[in-house]
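Undergrad: My questions all concern the structure below.
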Amino acid sequence: MLKYSTYRSIYDHPAQPQARAQGRKSLSQALNYIMSLNRNKLLGILFVFFLGFSSALTVFAKGEEEPAEVREIVVQSGDTLWSIAASHKPDSMDIRDYIHTIAKFNGLNSHDIKFGEVLSLPLY
């Protein structure tokens, strides 16, 4: 066994009140530092924090729109979801998103559609 070691067990010595006092001291130092900041710096920090939080909330809180109306169509020979979506999608929507919306709206597990099948198209 090594004669000199830097290892010290946490069980060798009982909890020292100095360590707790040191923790309280560092907390009070942090609070004093925050209170010593001038008002403009503190407001600037809070503004940046609020701006970042609200931006993240805006990005992740986007919900799905409800369709304005629903149109039913009958699948013709040679139709694909791509061709149907291309002719009925809103201008502001990506065609891949609209295909996914049609599939989800009609409960399709795949993008295969059959001749004579009735599809409900959400119109925005």
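Undergrad: Provide a single number: the residues in the range 102-112 that are open to solvent by less than 30 Å² (accessible area, probe 1.4 Å) and either part of a loop (DSSP other than H, G, I, E, B) or under 15 Å from TYR124 (Cβ atoms) (or both).
TA: Result for the range 102-112: 1.
Undergrad: Any chance you could count how many residues in the range 64-89 are in a loop (DSSP other than H, G, I, E, B), of a type outside the set (Ser, Thr, Tyr), out of contact with any helix residue (DSSP H, G or I) (no Cβ under 6 Å at 6 or more places or on another chain) and modelled with pLDDT of 90 or more?
TA: Matching residues across the range 64-89 total 4.
Residue by residue, here is whether (1) touching a residue at least 24 places away in the same chain (Cβ under 8 Å); (2) surrounded by 12 or more Cβ atoms within 10 Å (Cβ to Cβ); (3) farther than 13 Å from SER120 by Cα holds:
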position	(1), (2), (3)
LEU57	no, no, yes
ARG71	yes, no, no
VAL75	yes, yes, no
THR80	yes, yes, yes
TYR98	no, yes, no
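The values are calculated or read from the model by the stated rules, or taken from the named source; none is laboratory data. Since we're looking at a predicted model, the values are computed, not measured. Neighbour counts are summed over all protein chains in view; Cβ atoms, including those assigned to glycine, are modelled from backbone coordinates with ideal geometry. Heads up: the accessible areas ignore ligands, DNA and RNA and are worked out on the full protein's heavy atoms, side chains in. Shrake-Rupley method; radii C 1.70, N 1.55, O 1.52, S 1.80 Å.
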